[in-house]
Structures are given as C-alpha cells and as structure tokens.
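Undergrad: Just passing along the structure, written as structure tokens.
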Amino acid sequence: MKLFKKVLAAALAGVLALSVLTGCGSASGTVDYTSQVVKALNNLYAEDGITLTESDAAMKTKLKQFMSKVLDSDVSFDGVTDGDDIIEAITEDEELAAEIEKMFPTAVLDDPTKPLYTIGIAQIEQSINDSNIKRYAQEMVDNSVELNYPEEIGGDDFDEDSELTVAVTTVTINNQEYLVGLFSCQVYTLAVKE
C-alpha cells in the first residue's frame, strides 16, 4: 500500500509539473469565432454601408499560418500587455516582417485577386459571449494594421472596398488569450469604382 501511494504521488507530481509547463508561453488557438465576429461587425457597420462576409477555408488557413509564423519567430513578447503591444512587436521585427511580406504580397490596385490584408487583435478579458463579442470585434478593428498596403498609393485617388472578408481565431501569448482577425478587401482607384 505504501508503494502504491508513493507511485501515485510521483505520478500526480509529474502531471502537475507537465500542466504547469504547458501553461507557459504562446500557442495558436483552435477556436473559430469568424461567424460571431462577422455578425457583430455587420450590425455595427450597417449604417456605414460596410459588409463583412466569412472567409473561405484558404483564408482561415492563411490566418493560422500567419499566427504560426509569429509564434515560431524570435519575436519577444516580454512585457506585452495588450493587442497594440503585440502588433508593435510583430511589425518591428525585420525578419518576421520579411516572412509576412512573402505570405502577403503587396496589394494591387483594381485587382480583386491581390487584395489588401489587415490583421487585428483584441485581448480577451472574459469568456466570449453574445453580450461582449461586439466590443471584442470593434477592439480588433481598432487594433489593426495593414500587412501589404500598395506603395504606389498616394493622395485621394483611391479607396478601400466596403466589402470585407474576415477569418478569426484565438491565440495565447504570455498566458493571455487574444482574438485575432485577418481581413481582406480590394483597393481600387476612384475612377474604376465610379
């Protein structure tokens, strides 16, 4: 009986140590909140004439690949406390920026096959539900940055389309969960749109 208790105690100690170690660091999430975010943002932007649609599987895969590159990179997330800090850490790392540039080639004006991609992040402070999804979705839009903005754009001769496609997932960084959205839209010259 004493041997059994010792073995059980050692096994429990091992499980506890393993669970503590797996709680550290960063991990890409598997929870897909795309449909909830699309619904929330469509309600939020209905009066502005902006329409969001749920992405296809390819764009969702692209988002997961992006997050894997971010988490596998040498970017330090030490001291990161919110979505703005994460965006800053990602965009300031030159090696990661080069990888992102390969994943998201520069958007091309008036070419629907080469859209503008934007990444947005919101810190999840409470479990996501119907009452707070709109706030998280808005925060994700507010804490966003374009990944492949066309360099030739200048002045007021262009606009972004009012129809966006979105993929959303979760990610854990420094034991904090974040909602991450990848948005795409066409960038066009005003002469083409009119």
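The values are calculated or read from the model by the stated rules, or taken from the named source; none is laboratory data. Since we're looking at a predicted model, the values are computed, not measured. Cβ atoms come from the backbone with ideal geometry, glycine included; neighbour counts cover every protein chain shown. To get the accessible areas, we keep the full protein, side chains included, count just its heavy atoms, and leave off ligands, DNA and RNA. Shrake-Rupley method; radii C 1.70, N 1.55, O 1.52, S 1.80 Å.
Undergrad: Counting Lys +1, Arg +1, Asp -1, Glu -1, what net charge surrounds residue 112 among other residues with beta carbon under 11 Å of its beta carbon?
TA: Summing Lys and Arg as +1 and Asp and Glu as -1 gives -3.
Undergrad: Give, in nm to one decimal, the length gained when the segment between residue 172 and residue 159 is fully stretched (0.36 nm per residue of separation minus the Cα-Cα distance).
TA: Stretched fully, the residue 172-residue 159 segment lengthens by 1.3 nm.
Undergrad: Next up: Based on the Cα coordinates of the stretch 26-122, what is the per residue volume of their convex hull in Å³?
TA: So the per-residue hull volume is 131 Å³.
Undergrad: Work out the P(r) tail for the stretch 44-181: percent of alpha carbon pairs separated by more than 24 Å, whole number.
TA: Of the Cα pairs, 32 percent sit more than 24 Å apart.
Undergrad: Suppose each label sits 7 Å from its Cα in the direction of the beta carbon; what would the residue 39-residue 99 distance come out to in nanometres?
TA: Taking the two extended label points, one gets 3.4 nm.
Undergrad: Here is a follow-up. Counting only protein heavy atoms and using a 1.4 Å probe, what share of the accessible area of the stretch 56-122 belongs to carbon plus sulfur, as a whole percent?
TA: 46
Undergrad: Oh, and also: Using a 1.4 angstrom probe with every protein chain in place, what is the largest-first accessible-area order of 189, 169, 51?
TA: Of 189, 169, 51, the descending order of accessible area is 51, 189, 169.
Undergrad: How much solvent-accessible surface does residue 134 expose, in Å² to the nearest 10, with a 1.4 Å probe and all protein chains in place?
TA: Surface open to solvent at residue 134 totals about 90 Å².
Undergrad: Also: Tell me, what is the FRET efficiency for residue 31 and residue 81 to the nearest 0.05, using R0 = 25 angstrom and their Cβ-Cβ distance as r?
TA: For residue 31 and residue 81, the calculated efficiency is 0.70.
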